[in-house]
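The values are calculated or read from the model by the stated rules, or taken from the named source; none is laboratory data. The structure presented is a predicted model; accordingly, all values stated were derived computationally and were not measured. Positions of Cβ are backbone-derived with ideal geometry, glycine not excepted, and every protein chain shown enters the neighbour counts.
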Amino acid sequence: MTAKQLPPEPNLAPDYGHRDSQLESLISKRAVSQFESKTDILSLEEVLEALKEVTGLPPVKALTNLIGRLRLGRIQALVQRLLTSRRDRVIDDFGFDLKFLEPLEPLAKWFHDNYFRVESQGLEHVPDTGRVLLVANHSGTLPYDGAMVVAALRFQHPAQRRVRVLVEDFIYHLPFLGMFMSRVGAVRACQENALRLLENDEATLVFPEGVKGIGKLYSKRYRLQRFGRGGAVRLAAAAHAPMVPVAIVGAEESMPLLSKVSWLARPLGLPYIPVTPTLPWLGPLGLIPLPTKWTIDFGAPIDLSMFGPDELLQDRVALNRVNEELRAAVQSLIDARLASRKSVLFG
């Protein structure tokens, strides 16, 4: 759902050969106007200045320096203050706030370019305008993968497309996180919400594996779980939207899931509590993923034109067949990328 009468976005044409200079340009355009004071808790201007200073350092050293300078408590206080401030905001029906998101984009770009060093292939399969359903594998214990797909299309796609991500209900049970996700453009996952996004010509990202995708143990990495009951295919057919398979490689190793605790998580409204090499042993620092090298492959759209207007909505056999074709397309992209990858850390 597009924000009503949003101001025109600045021209941030991607420069594939000069990522650092592009980040500096983003910082200079976003930093000052949104925040009043550098002495009030922690201004985003200060965050962006810190990002500029650590750009170019090795990923782990850069993130360590950044956290040490800003301190987690100050970052938490800043986020809480921003979430409760709605002055001069234009917010759409799903809670998306463009003025809230724009100053945060340099942070997402820094993680995309410098920490995970994301490389994308097949961006030409995502149309410059109009509705499109992006269907991706879900992995990595915590859903950092959605953020990196959003960043890839925002900063590497020629049209700099914004993506609306469908997220699981449990996100909204966590303090501040649900509100934060809505403000940056995420939408609670359900057919009705997804259809409204597509009917408004949004690029919409779905993860048919759901929680089972990010909840895979490391021993089952990159093995796709069941794609539900064909909800993504049904959605694309109902909205007459192209359906693009997306494969994300690198997220599984960034936070390897060794085990999970379910009984303790249920009272908290969570699907599980993850156990990784760093979580819960390092406390909040255990939430920081490892700086693995990520690739995102966008495959050719799945052709639904051979089916009649309502055939996939009424024919269960045809729906299941296309759903398996979609799942196989994503798995094939994953397998091809894994076969060509030489290093988890360097690609």
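Please give the number of the condition Ala300 fails out of (1) closer than 22 Å to Val206 by Cα; (2) outside any loop (DSSP other than H, G, I, E, B).
So the condition that Ala300 fails would be (2).
Looking at (1) surrounded by fewer than 24 Cβ atoms within 10 Å (Cβ to Cβ); (2) part of a loop (DSSP other than H, G, I, E, B), which is the only condition Ala241 fails?
Result: Ala241 fails condition (1) only.
Select from the range 271-284 the residues that are in contact (Cβ under 8 Å) with a residue 24 or more places away in the chain and out of contact with any Pro (no Cβ under 7 Å at 6 or more places or on another chain) and list them in ascending order.
Of everything in the range 271-284, those that are in contact (Cβ under 8 Å) with a residue 24 or more places away in the chain and out of contact with any Pro (no Cβ under 7 Å at 6 or more places or on another chain) turn out to be Pro271, Tyr272, Pro274, Leu279, Pro284.
Restricting attention to the range 169-179, report how many residues are in a helix (DSSP H, G or I), free of Cβ contacts under 8 Å to residues at least 60 places away in the same chain and out of contact with any Gly (no Cβ under 7 Å at 6 or more places or on another chain).
Going through the range 169-179 one residue at a time, the tally reaches 3.
Can you name the number of the only condition in (1) of a type outside the set (Lys, Arg); (2) surrounded by fewer than 22 Cβ atoms within 10 Å (Cβ to Cβ); (3) within 20 Å of Ala147 (Cα to Cα); (4) in contact with an Asp or Glu (Cβ under 8 Å, 6 or more places away or on another chain) that Val246 fails?
Val246 satisfies all of (1) of a type outside the set (Lys, Arg); (2) surrounded by fewer than 22 Cβ atoms within 10 Å (Cβ to Cβ); (3) within 20 Å of Ala147 (Cα to Cα); (4) in contact with an Asp or Glu (Cβ under 8 Å, 6 or more places away or on another chain) except (2).
Testing Lys212 on (1) modelled with pLDDT of 95 or more; (2) part of a helix (DSSP H, G or I); (3) not aromatic (Phe, Trp, Tyr), one condition comes back false. Which one is that?
(1)
Those residues that are in a strand (DSSP E or B) and among the hydroxyl-bearing types (Ser, Thr, Tyr), I need them from the range 114-168; list them, please.
If the condition is that a residue be in a strand (DSSP E or B) and among the hydroxyl-bearing types (Ser, Thr, Tyr), then Ser120 is the only one that fits.
Is it true that some residue in the range 180-197 is of a type in the set (Asp, Glu) and free of Cβ contacts under 8 Å to residues at least 60 places away in the same chain?
yes
Contact list please: Cβ distance under 6 Å, first residue in the range 285-297 and assigned by TED's automatic domain parsing to the domain that holds Val330, second residue part of a strand (DSSP E or B) and aliphatic (A, V, I, L, M), pairs at least six apart or on different chains.
Listed by first residue and then by second, the contacts come to Thr295/Val249; Ile296/Ile248; Asp297/Ala247.
Go through (1) over 13 Å from Leu142 (Cα atoms); (2) hydroxyl-bearing (Ser, Thr, Tyr); (3) at pLDDT 95 or above for Ser259 and report which single condition fails.
(3)
Please work out which residue is modelled with the lowest pLDDT, limiting yourself to the range 287-307 and to residues that are surrounded by 12 or more Cβ atoms within 10 Å (Cβ to Cβ) and farther than 28 Å from Trp110 by Cβ.
Applying the filter and picking the extreme gives Phe307.
Out of the range 177-198, which residues are in contact with a Phe, Trp or Tyr (Cβ under 8 Å, 6 or more places away or on another chain) and among the basic types (Lys, Arg)?
Arg183, Arg188
Any idea which of Pro267, Pro274, Pro284 is buried (at least 19 other Cβ atoms within 10 Å of the Cβ), of a type outside the set (Ser, Thr, Tyr), modelled with pLDDT under 90 and not in a loop (DSSP other than H, G, I, E, B)?
Pro274
Of all the residues that make up the range 155-184, how many are modelled with pLDDT of 95 or more, surrounded by 15 or more Cβ atoms within 10 Å (Cβ to Cβ) and among the small types (Gly, Ala, Ser)?
Of the residues in the range 155-184, 0 are modelled with pLDDT of 95 or more, surrounded by 15 or more Cβ atoms within 10 Å (Cβ to Cβ) and among the small types (Gly, Ala, Ser).
Which of the residues belonging to the range 95-137 are of a type in the set (Ser, Thr, Tyr) and either touching a Ser or Thr at 6+ places or on another chain (Cβ under 7 Å) or more than 30 Å from Val233 (Cβ to Cβ) (or both)?
Tyr115
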